[in-house]
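Structure record follows, encoded as structure tokens.
Just so it is clear, none of the values below were taken in a lab; they were calculated from the coordinates. Note that the structure is a prediction, hence the values are computed from the model and not measured. Cβ: placed from backbone, ideal geometry, glycine included. Neighbour counts: every protein chain shown.
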Number of protein chains: 2
Amino acid sequence: MTQTKPLHDVISLVEDPLDRLNKELLEDLAPGHPEMRPLIEHVGGFRGKQLRPVLTFLSAMAIRGAEHSGGIGHDVITVAKVVELLHTATLVHDDVLDSASVRRRIETINHLSGVETAVLLGDYIYAKAFHMAVQLQDPAAARWLAETVRVICQGEITQILHRFDYQWSEDRYFTVIAEKTASLYAAACRLGGRYASNEAEQASEGRLRALEEYGLELGIAFQIVDDCLDLDGDEAVVGKSLGTDLSKGKITLPMLYLLRDEGQAKRFQTLLGTSEAEGLRRLRAEFPLEHAIAYAMEEAQRRIAKAQACLSQLPPGPARAALDKLAGFVLTRRV
Amino acid sequence: MTQTKPLHDVISLVEDPLDRLNKELLEDLAPGHPEMRPLIEHVGGFRGKQLRPVLTFLSAMAIRGAEHSGGIGHDVITVAKVVELLHTATLVHDDVLDSASVRRRIETINHLSGVETAVLLGDYIYAKAFHMAVQLQDPAAARWLAETVRVICQGEITQILHRFDYQWSEDRYFTVIAEKTASLYAAACRLGGRYASNEAEQASEGRLRALEEYGLELGIAFQIVDDCLDLDGDEAVVGKSLGTDLSKGKITLPMLYLLRDEGQAKRFQTLLGTSEAEGLRRLRAEFPLEHAIAYAMEEAQRRIAKAQACLSQLPPGPARAALDKLAGFVLTRRV
């Protein structure tokens, strides 16, 4: 409760465009064939904090120092919808990759309708998102977002190719999470700023870069926290099964800390590939997990500080303040 | 040999742009991370007859009555590359859906590197294709192709939702194969025509519609023949495992013929869902398969005749003649 309150304040600032987005998305996705409707409606249930469209709206306001969301136009709504759909498509495919059966306490598409439907539904949502992006007069968003999806996939594939790779370095870890996670946050922020201005008052590249950097650092911190929660979170609170990185051999920042010590590294390697429960039990019993988490969270804090510093390049106002608050929230979330 | 000869004549007409396409595709797909290179190169091995880019090039020539491929410009090459990449992405995902281990006599990505890599690599190729499409000055191709991919997925999902559905009608079968297969042929032809003309000499909508219709009917016929080959083809010639429609409960046109007779329908239903080998053996032994195939092939012939009739709206010349020949080839292919 105390954790969601600050986020509630932030979101209330963009409640109107967010309502509009959610109403429009339902109609936009209405399929040509009625048989597909239950699938589309089910995917709607995955809706979470909607951080990415919130970032797009706040960025659109912040770049102009707007006091309220009234000036957010059709193009910014479209960009936010595309970003949210691309994120949804990645979730549907992620659940296939992880053979996950539950997402946000409801059944995944692969569990409900099989892997085949889930792969195709993800493709369907990607195609719908790109189709929406190319309706915009200005092709910048379509270009940026197509490249972003390519980069997301590149990051995910690289991670898979390096499972159980104990030579994995921190640099490569940061590259991969920047690609697979933070790139979409960066795009959400940059494109929010980009489409906020009409042609007469083109946003300066400096401010767009600041928003992009903010999104990138925020996204990196978000993924680090996610990777920590997978090891020390409370399954009942997080709402998904934990320990999956261990069982899948995905090496994350807290693990890299444990791998630094040579003797410890040898023992740690025997954890990877075991079941989630066994891996977590042994990790918590036999390793200095608290130190590893503290080490990773320090990095997350540095990233958030960098994100917040970027905001100084934007005019002050409630949206800039909200972006600052939102960054802080990333560090305290347990969900 | 006698079967591929006519196609060889057709292809030689567009050999130069096809060479250019294949050279450029290799470079375009070169990934940011060297680790991905073997995957990308492996996918290159799936290259088949490249019917879709051939159609794009021939359409670009035919709409202007061009004698040779010399006038095919950068935009048409780009459209052809995007169409080929989108097709490649659907193949990579199709192999995941079918749990196929071999495609064109080489290992599928899911067999070589796992389902996760195959899902992500398909997404990667889709994203790359869309990114390429939005580089075109004229957004028509990006819009048309994003919508086409949505329609392809819609067709595939509808087919999956109706597996083992013995109430499946011919109309619905035709709708689904138009969506999942023919829509990309139609796009390949229409967009070839569309991007052949510079702005000064915009192609008439009538000719573009003729090319689109030609592609649509050709694609429908192609899928009908594919569905026949799955039941009566020679595995060694076709180069992939057959009988998969039976085992997966996908009801195709020759099966719909057998389902017309009520007594026969009851017996036929016991075939679906059995192993490929068992299903094919019983189908060939206990049912009038020849009649069913003849019935379906008559429909394919009607579609090809319709496709060829569309060509009368285009100026005569070698490209129009090649499109006519290519349509005929669809009926005789055994591969």
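Pairs of Cα atoms under 8 Å, at least six residues apart: use those to get the relative contact order of chain A, whole percent.
Relative CO of chain A lands at 22 percent.
Can you work out the base-10 log of I(q)/I(0) for segment B:83-215 at q = 0.22 1/Å, using the Debye formula on its C-alpha atoms alone?
Relative scattering, expressed as log10 I(q)/I(0), comes to -1.28.
What percent of all Cα-Cα pairs in chain A falls into each 20 Å bin, going from 0 up to the bin containing the maximum distance?
31, 58, 11, 0
With springs only between Cα atoms under 10 Å, which of B:Pro53, B:Pro34, B:Pro318 fluctuates most in a Gaussian network model of chain B?
Result: B:Pro34 has the largest fluctuation of those listed.
Under the convention of a label 7 Å out along Cα→Cβ, give the distances in nm from B:Arg282 to the same position in every other copy, shortest first.
4.7
Mind checking the angle between helix A:289-310 and chain A's longest principal axis? C-alpha axes, 0 to 90 degrees, to the nearest 10.
Helix A:289-310 and the main axis of chain A meet at about 20 degrees.
Can you give the convex hull volume of the alpha carbon atoms of segment A:102-173 per residue, in Å³?
About 142 Å³ per residue, rounded to a whole number.
Kirkwood hydrodynamic radius for segment B:13-94: how many Å is it when counted over pairs of different Cα atoms?
Every distinct Cα pair counted, the radius reaches 13.5 Å.
Going 7 Å from the Cα of A:Glu15 toward and past its Cβ, which residues in segment A:55-89 have a backbone nitrogen under 18 Å from where you end up?
A:55, A:57-58, A:67-72
Let me know the charge dipole size of chain B about its Cα centre in debye, to the nearest 20, where only the beta-carbon of Lys, Arg (+1) and Asp, Glu (-1) is charged.
Roughly 320 debye for chain B.
Report the gain in length on full extension from A:Glu35 to A:Gln269: 0.36 nm times residue separation, minus Cα-Cα distance, nm rounded to one decimal.
79.5 nm
Please report, in Å, the Rg and the Dmax of the protein assembly as shown, where both are computed over Cα atoms only.
26.6, 80
Going by average Cβ density within 10 Å per residue, which order do the peptides A:19-27, B:210-218, B:82-90 take, highest to lowest?
The packing order, highest mean first, is B:210-218, B:82-90, A:19-27.
Report the calculated FRET efficiency for A:Thr244 and B:Arg104 (r = Cβ-Cβ distance, R0 = 35 Å), to the nearest 0.05.
Computed FRET efficiency for A:Thr244 and B:Arg104: 0.50.
Can you tell me the Rg and the Dmax, both Å, for the Cα atoms in segment A:261-335?
18.3, 52
Mind checking the mean number of beta-carbon atoms from other chains within 10 Å of the Cβ atoms in B:96-102?
Per residue, the number of nearby Cβ atoms from other chains is 2 on average.
Using only Cα atoms, tell me the angle between helix B:183-194 and the longest principal axis of chain B; keep it within 0 to 90° and round to the nearest 10.
20
In a solvent-free Debye calculation with one equal scatterer on each Cα, what is log10 I(q)/I(0) for segment B:191-335 at q = 0.22 Å⁻¹, listed in the order of the q values?
Listed by q, the Debye log ratios stand at -1.26.
Report the rotationally averaged projected area of segment A:64-147 based on its alpha-carbon convex hull, in square nanometres.
7.2
Net charge near B:Val149: determine it from the other residues with C-beta under 14 Å of the C-beta of B:Val149, scoring Lys and Arg +1 and Asp and Glu -1.
-1
For helix B:276-286, what angle does its Cα long axis make with the longest principal axis of chain B, in degrees from 0 to 90 and rounded to 10?
Relative to chain B, helix B:276-286 is tipped by roughly 60 degrees.
By Cβ position, which chain A residue lies least far from the axis that rotates chain A onto chain B, and what is the distance to the nearest whole angstrom?
A:Phe130, 2
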